[in-house]
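Everything on this sheet refers to the single structure shown next.
Laboratory data are not the source of any read-out in this text; all were calculated from the coordinates shown. Source: prediction; values computed, not measured. Every residue, glycine as well, gets a Cβ built from its backbone with ideal geometry; the counts of neighbours run over all protein chains shown.
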Amino acid sequence: MNMGKIDKAFAELQDIVGDRATTSPIHRMAYSRDWSPRYRGMNDLPDIIVIPNDTQEVVRITKVAHRYEIPLVAFAGGTGMGGGAVAWKGGIMIETKGLNRILEVDQQNMTVTVQSGIIIDVLNNELARHKLWLPHQPESKRACTIGASIGCDNDSTFGLRYGKISDCLLNAVIVTGRAEAVRVGPRKVSFSSTGYKLLDLLVASEGTLGTITEATLRVVPIPEAREVRGYLCRCLNDTAKGIERLLGSGLAIESAHANCRNRLHFYTHSYREKYGREPQLPEWAAAILFLSFAGDEDIVAFTVDKATQIMTDELNAQLVREQELVEGWWDSKHRLEFIPFKQKWPDSQRQKKFGAADLGLPIGRLEEGYRRYLEIAEKCDQEILGMTIYNESPNKATASVSFAVFVDDSSQDKVHQFYQYVREMSEMAIELDGTMSTYIGDGDRLGGFNQLEHGPGLKYMRRIKRIFDPKNIMNTGKKFQSRWIEDHKGVT
Ligand SMILES: Cc1cc2nc3c(=O)[nH]c(=O)nc-3n(C[C@H](O)[C@H](O)[C@H](O)COP(=O)(O)OP(=O)(O)OC[C@H]3O[C@@H](n4cnc5c(N)ncnc54)[C@H](O)[C@@H]3O)c2cc1C
């Protein structure tokens, strides 16, 4: 990066936000990574970190970046797994957690308007005082922000009932690469048939069109009661069939997650370690389907009984008798710190890192996806962790699948092998009529080959990017480029 223009930009940024702008090496180091696998010693340092407090400050910061043509990257919780928040082209990093205020709770219309850097858990603690909650909850909700949820369209624990963030998002303010603040979407209604749906363009845009600074979201009452159950199934496709059958019967399910045989063994292993006894699981169990049910107490009790009857009688599944195992699963959905049921991450994170290909597959192809996953992981020398299927559309079985592996990040070559694995898994998803990513986004991983999925559509996407960001300063190097291909010619 040309240090002359960085120095000039830094002086102007200090005029705007004072000591909320810094070039100190320690801060630059702190913002050099997210949770994507990167080899040890690999650091992508931003040149400047700046912490704005409102939309107008973001506008003024963007004007500086625009004038000097310096990349501008939004950084939220830093838990993204696709390198989206990493400034591999250098530039100015906007730390969004200064945008952390709740602007309005409208109880009558059941909406909340927030600044985009608010952490989801912090927002929900405040909403609880009004007996309301935002059901959009990724497992990283203790660190993840509203802006990043829109930016990378992440998955939610409660997706089967409430969908993704787009299902509760009413409008948002974006500061585009032209340094203009624009509110997109209707004010307090859920839909509008006027104009073009610019709000939809922001979802999964990963900061490449602009910085989201505010959002209005629909919230719901906190349910009175909740129950969780686990069912052992004979194959992965049965988990999707079971969900469809339960929904078809008229039952309301709040969340549904399924795990393959490998991941199931994680739960049984952790159970054994924690309780010192063997869980009684039949040999034939090839998958486990975890469900949660919420609402009024009597309705929940009825739903649990009816769901169990359908799963056991019609799907030939078995109810998990060790309820601690099921509660361990539920508990793991609501913690960012690591506990035994959470994939034994304390150890794995010290030695090897968690990495995943996050693919969307048609629900009838789960078995095939699992078989191909085992083959591709072996070919790319990746240690299998297991496959988890999240359901992320309201009231229908869908498959947002995390195909997880342990990544050996001890060397550049080993990490490149992981990205080769991601690439081959992505190609497999397209072959099976699926999608290359359902919750991580393109980040700096998929850009070199996502034409496979979008074909000529990619040309129109580039044009849309130019309308919002004519100087290509917004999260430069993401979505349309792959850092891993450019970094290592062997990975093409
Ligand atoms: C323990 C753990 C559990 C996880 N569980 C889940 C899960 O259940 N479901 C799931 O989908 N993911 C999960 N993830 C992945 C990750 O948390 C999500 O992808 C999350 O959305 C990232 O949020 P963040 O606030 O950390 O964003 P960051 O990583 O900081 O940023 C993510 C992307 O959003 C962009 N961005 C951030 N703020 C803005 C803004 N204001 N405007 C425009 N763009 C912006 C960034 O530039 C970047 O491209 C998990 C990760 C971890 C480490």
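Determine ³J(HN,Hα), in whole Hz, for all residues of region 89-98 in sequence, where each value follows from phi through the Karplus function 6.51 cos²θ - 1.76 cosθ + 1.60 and θ = phi - 60°; x replaces Gly and Pro.
With coefficients 6.51, -1.76 and 1.60, one gets 9, x, x, 9, 9, 9, 7, 7, 6, x Hz.
Assuming R0 = 25 Å, what is the FRET efficiency of Gln56 and Lys188, from their Cβ-Cβ distance, to the nearest 0.05?
Efficiency for this residue pair is about 0.60.
Residue-wise, which Karplus ³J(HN,Hα) couplings in Hz belong to region 58-71, taking 6.51 cos²θ - 1.76 cosθ + 1.60, θ = phi - 60°, and x for glycine or proline?
Going residue by residue, I get 5, 4, 5, 5, 5, 4, 5, 4, 5, 5, 8, 6, 10, x Hz, with x marking Gly and Pro.
Which of the lysines could a cross-linker bridge to Lys479, judged by Cα under 17 Å and excluding same-chain residues fewer than eight apart?
Filter leaves Lys89, Lys459, Lys465, Lys471.
Could you tell me which of Ile146, Gln107, Leu170 has its Cα farthest along the dipole of region 102-221 towards the positive end, charges placed at Cβ (Lys, Arg +1; Asp, Glu -1), taken about the Cα centre?
Gln107
In which sequence would Lys197, Lys478, Lys353 go, from the one with the fewest C-beta neighbours within 10 Å to the one with the most?
Least crowded to most crowded, the residues run Lys197, Lys353, Lys478.
Inverting the mean 1/r over all pairs of different Cα atoms, compute the Kirkwood radius of region 359-492 and quote it in Å.
In region 359-492 this quantity evaluates to 15.9 Å.
If you bin the C-alpha pair distances of region 3-97 every 10 Å from 0, what whole percents do you get?
17, 52, 26, 4
Among rounded, prolate and oblate, which fits region 285-340 when a ≥ b ≥ c are the square roots of the eigenvalues of its C-alpha gyration tensor, a/c under 1.5 means rounded, and a/b larger than b/c means prolate?
oblate
State, as an integer percentage, the relative contact order of the chain based on alpha-carbon contacts under 8 Å between residues 6 or more apart.
Relative contact order here is 17 percent.
Where does helix 412-431 land angle-wise versus the long Cα axis of the chain, in degrees 0 to 90, nearest 10?
In the chain, helix 412-431 runs at an angle near 70 degrees to the longest axis.
Mind checking the angle between helix 366-379 and the chain's longest principal axis? C-alpha axes, 0 to 90 degrees, to the nearest 10.
It is inclined by approximately 60 degrees.
For region 3-97, what relative contact order do you get, as a whole percent, if you take Cα pairs closer than 8 Å and at least 6 residues apart?
35 percent
Against the 2.2 N^0.38 Å scaling, with N counting residues, where does the chain land? I'd like the Cα-based Rg ratio to two decimal places.
Dividing the Cα radius of gyration by 2.2 N^0.38 Å gives 0.97.
Taking R0 as 45 Å, what's the FRET efficiency between Ile384 and Asp7 from their Cβ-Cβ distance, rounded to 0.05?
According to the calculation, E is roughly 0.40.
What's the extension gain from Ser411 to Asp296 if we count 0.36 nm per residue and subtract their Cα-Cα distance?
Details: separation 115, 0.36 × 115 = 41.40 nm, distance 5.29 nm.
Extending this stretch completely gives an extra 36.1 nm.
To the nearest 20 debye, what is the magnitude of the charge dipole of region 345-487 about its Cα centre, counting +1 on the Cβ of each Lys and Arg and -1 on the Cβ of each Asp and Glu?
Rounded to the nearest 20 debye, it is 800 debye.
Measure off 7 Å from each Cα along the Cα-to-Cβ vector at Glu69 and Arg101, then give the distance between these two points in nanometres to one decimal.
Modelled inter-label distance: 3.7 nm.
Please state the Cα pair-distance histogram of region 225-332 with 5 angstrom bins from zero: what percent is in each bin?
Taking every Cα pair in region 225-332, the percentages come to 2, 13, 25, 25, 19, 11, 5, 1.
Going by how many other Cβ atoms sit within 10 Å of their own, how do Val73, Val122, Val50 line up, fewest first?
By the 10 Å Cβ count, ascending, the order reads Val122, Val50, Val73.
Taking the 0 to 90 degree range and rounding to the nearest ten, how far is the long axis of helix 457-468 tilted relative to the main principal axis of the chain, both from C-alpha atoms?
Here the helix axis deviates by roughly 50 degrees.
So if I place +1 on the C-beta of Lys and Arg and -1 on the C-beta of Asp and Glu, and nothing else carries charge, what would the dipole magnitude of the chain be about its Cα centre? I want it in debye, nearest 20. Spell out each step's value before the answer.
On the way: 62 positive and 64 negative charges, 238 e Å.
Using Cβ point charges on Lys, Arg, Asp and Glu, the chain gives about 1140 debye.
To make sure I understand, if each residue's beta carbon is the centre and we count other beta carbons within 10 Å, what order do Leu446, Leu201, Leu13 fall in, fewest to most?
Values: Leu446 27, Leu201 16, Leu13 24.
Taking fewest neighbouring Cβ atoms as first place, the list is Leu201, Leu13, Leu446.
Which residues' amide hydrogens lie under 5 Å from the amide hydrogen of Leu132, considering only partners 5 or more residues apart or on another chain, with H built in the peptide plane?
Counting only residues 5 or more places away or on other chains, the set is Ile222.
Given a Förster radius of 25 Å and the C-beta distance between Gln323 and Glu367 as r, what FRET efficiency does 1/(1 + (r/R0)^6) yield to the nearest 0.05?
Computed FRET efficiency for Gln323 and Glu367: 0.35.
Is it possible to state the helix-based mean residue ellipticity at 222 nm for the chain, with each DSSP H run of 4+ residues giving -39500 (n - 2.57), the sum divided by total residues, to the nearest 500 deg cm²/dmol? What is it?
Numbers: 17 runs with 177 residues, N = 492.
Calculated at 222 nm, the ellipticity per residue is -10500 deg cm²/dmol.
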